[in-house]
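Enquirer: There's a structure below that I have some questions on.
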Amino acid sequence: MRKTYIYILLLVAFFQTTLYAQDWKWKSYLAYYNTTLVAEANNNVFAVADGSLYSYNKEDQSVQTYSKLNGLSDVSITQLGYNADVNTLLIVYDNGNIDLWGEDGIYNLPFLKNSTVVQDKTVNAITFDGEYAYLASQFGIMVINMQKKEVADTYRIGNVSSCCVLSNYLYAATEQGIRRGSLNDNLLDAANWTDYSAEVVQDIVAFQNTLCYVISGDGVYYQSDGSSRKWINDAGIKGMKVESGKLLAYTNGKVYIASSLNTPDQITGLSTIQ
């Protein structure tokens, strides 16, 4: 159960040790220090530190850094996610630019970056369902077909901090509470979105066919038989995600890891990783 975060701990420890012990070798890589985003692929763990991308190879323990000099389309990465269904890494930059890094290389998707309609292009979170990526954003939700490498839809429902797909419904965590819409309906029409819960949540995920969410300053809850049940009683929870079939909820110094909705394992002494 802990394998994913063991890789992450090794990766973070490698960079911290190398930076201190061999500083003369890393003069141009000081930006690769404060790890904040992680995505596990088949053979690599990708991570973002201070907006820059690097990877840890799980087989030979090698570390590789990436920039515009070796294939990336932009700088200052703010979101990262790996879609195992299409074997593609999705990279979002702070200006709205997007890279899809698959088996055939890196494909740039500048639709959001070049948009003159959307002013605030901040992407808050990424979730995947099949070949689709759903980007929770300040303006709503942007849907990308990662197989076709194109923007499929944009749902302008206001600021969405997080979203997920469960039982053919798209759930969105908004400033007014949780809203949802059926993927069988035309979700471009705001009338097809309904209020699901008045609770204002920070992160929302689908885990083992269950809706789970973080209430800031309270803890992690999940829906069961139409009611909310508290799962992790920790007011310090800062975020949550599903990675490699595990649910991960983290504070500034602790990560809860679970393969089911039973009592999760804990790893302590870990800096915040999203």
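The values are calculated or read from the model by the stated rules, or taken from the named source; none is laboratory data. From a predicted model like this one, the values you see are computed outputs, not experimental measurements. A quick note on method: Cβ atoms are made from the backbone with ideal geometry, for glycine too, and the neighbour counts reach across all protein chains shown. Please note that ligands, DNA and RNA were not included when accessible areas were found on the heavy atoms of the full protein model with its side chains. Shrake-Rupley method; radii C 1.70, N 1.55, O 1.52, S 1.80 Å.
Enquirer: Would you confirm whether any residue within region 213-231 is polar (S, T, N, Q) and under 19 Å from Thr268 (Cα atoms)? Spell out how you get there, then give the answer.
Expert: Filtering region 213-231 down to residues polar (S, T, N, Q) leaves 216, 223-224, 227-228.
Then drop every residue that is not under 19 Å from Thr268 (Cα atoms), which leaves none.
So far as region 213-231 goes, no, none of its residues is polar (S, T, N, Q) and under 19 Å from Thr268 (Cα atoms).
Enquirer: Which one of these is out of contact with any strand residue (DSSP E or B) (no Cβ under 7 Å at 6 or more places or on another chain) and farther than 17 Å from Tyr171 by Cα: Gly226, Gly236? Before the answer, list the steps.
Expert: On the way: Gly226 fails: farther than 17 Å from Tyr171 by Cα.
Every option except Gly236 fails the conditions.
Enquirer: Here is a further query. Out of (1) open to solvent by 10 Å² or more (accessible area, probe 1.4 Å); (2) closer than 29 Å to Asp153 by Cα; (3) touching a Ser or Thr at 6+ places or on another chain (Cβ under 7 Å), the odd one out for Asn97 is which?
Expert: Condition not satisfied by Asn97: (1).
Enquirer: Same structure, new question: Any residue that is of a type outside the set (Phe, Trp, Tyr), in a strand (DSSP E or B) and farther than 27 Å from Ala39 by Cα - is there at least one of those in region 205-219?
Expert: Initially, region 205-219 is screened for residues of a type outside the set (Phe, Trp, Tyr), giving 205-206, 208-212, 214-219.
Still in the list and also in a strand (DSSP E or B): 205-206, 210-212, 214-215, 219.
Adding the requirement that they be farther than 27 Å from Ala39 by Cα leaves none.
No, region 205-219 contains no residue that is of a type outside the set (Phe, Trp, Tyr), in a strand (DSSP E or B) and farther than 27 Å from Ala39 by Cα.
Enquirer: So in region 54-72, with the set limited to residues that are part of a loop (DSSP other than H, G, I, E, B) and touching a residue at least 24 places away in the same chain (Cβ under 8 Å), which one is farthest from Thr36 (Cα to Cα)?
Expert: From region 54-72, those part of a loop (DSSP other than H, G, I, E, B) are 58-62, 67, 71-72; that's our starting set.
If we keep only those that are touching a residue at least 24 places away in the same chain (Cβ under 8 Å) too, we end up with 58, 61, 71-72.
Details: Lys58: 19, Gln61: 20, Gly71: 21, Leu72: 19 Å.
That would be Gly71.
Enquirer: If you don't mind, another one. Can you find, within region 114-149, the residue that is farthest from Asp99 (Cα to Cα) among those that are of a type in the set (Lys, Arg) and open to solvent by 40 Å² or more (accessible area, probe 1.4 Å)?
Expert: Our first condition is that a residue be of a type in the set (Lys, Arg); within region 114-149, this holds for 121, 148-149.
In the following step, the residues that additionally are open to solvent by 40 Å² or more (accessible area, probe 1.4 Å) were identified as 148-149.
Values: Lys148: 13, Lys149: 10 Å.
Looking at the filtered set, the residue picked out is Lys148.
Enquirer: Which pairs do you get when a residue that is modelled with pLDDT of 95 or more, found in region 119-139, comes within reach of a residue that is open to solvent by less than 30 Å² (accessible area, probe 1.4 Å) and among the charged types (D, E, K, R), reach meaning Cβ atoms under 9 angstrom, with the pair 6+ apart or on two chains?
Expert: Ala125/Asp203
Enquirer: Strands (runs of 3 or more DSSP E) wholly in region 224-272 with at least 2 residues that are more than 19 Å from the chain's Cα centre (by Cα) and surrounded by fewer than 18 Cβ atoms within 10 Å (Cβ to Cβ) - which ones? Full working, then the answer.
Expert: Numbers: elements: 227-232, 239-243, 246-250, 254-258, 265-268.
Ranges flagged: 227-232, 265-268.
Enquirer: Another question, then. Show the residue pairs meeting these rules: Cβ distance below 8 Å; 6+ apart or different chains; first residue within region 158-181 and free of Cβ contacts under 8 Å to residues at least 40 places away in the same chain and on the phi > 0 side of the Ramachandran plot; second residue of a type in the set (Phe, Trp, Tyr) and open to solvent by less than 50 Å² (accessible area, probe 1.4 Å).
Expert: Gly158/Phe139
Enquirer: Mind checking which residues of region 229-255 are among the hydroxyl-bearing types (Ser, Thr, Tyr) and either farther than 19 Å from Leu166 by Cα or modelled with pLDDT of 90 or more (or both)? Talk me through it step by step, then tell me what you get.
Expert: The initial filter retains those residues of region 229-255 that are among the hydroxyl-bearing types (Ser, Thr, Tyr), namely 244, 250-251.
If the condition is that a residue be among the hydroxyl-bearing types (Ser, Thr, Tyr) and either farther than 19 Å from Leu166 by Cα or modelled with pLDDT of 90 or more (or both), then Tyr250, Thr251 are the ones that fit.
Enquirer: Which one of these does Ala152 not meet: (1) surrounded by 15 or more Cβ atoms within 10 Å (Cβ to Cβ); (2) touching a strand residue (DSSP E or B) at 6+ places or on another chain (Cβ under 7 Å); (3) of a type in the set (Gly, Ala, Ser)?
Expert: So Ala152 meets the others, but not (1).
Enquirer: Does Ser167 satisfy the condition of being open to solvent by 30 Å² or more (accessible area, probe 1.4 Å) and among the small types (Gly, Ala, Ser)?
Expert: Details: open to solvent by 30 Å² or more (accessible area, probe 1.4 Å): yes; among the small types (Gly, Ala, Ser): yes.
So Ser167 passes the test.
Enquirer: Tell me which of these Ala172 doesn't satisfy, since it passes every other one: (1) open to solvent by 10 Å² or more (accessible area, probe 1.4 Å); (2) over 28 Å from Asn44 (Cβ atoms); (3) under 19 Å from the mean Cα position of the chain (by Cα).
Expert: Going through (1) open to solvent by 10 Å² or more (accessible area, probe 1.4 Å); (2) over 28 Å from Asn44 (Cβ atoms); (3) under 19 Å from the mean Cα position of the chain (by Cα) one by one, Ala172 breaks only (1).
Enquirer: Exactly one of these conditions fails for Tyr82: (1) within 15 Å of the chain's Cα centre (by Cα); (2) more than 24 Å from Gly158 (Cβ to Cβ); (3) in contact (Cβ under 8 Å) with a residue 40 or more places away in the chain; (4) open to solvent by less than 30 Å² (accessible area, probe 1.4 Å). Give me its number.
Expert: Tyr82 satisfies every listed condition except (4).
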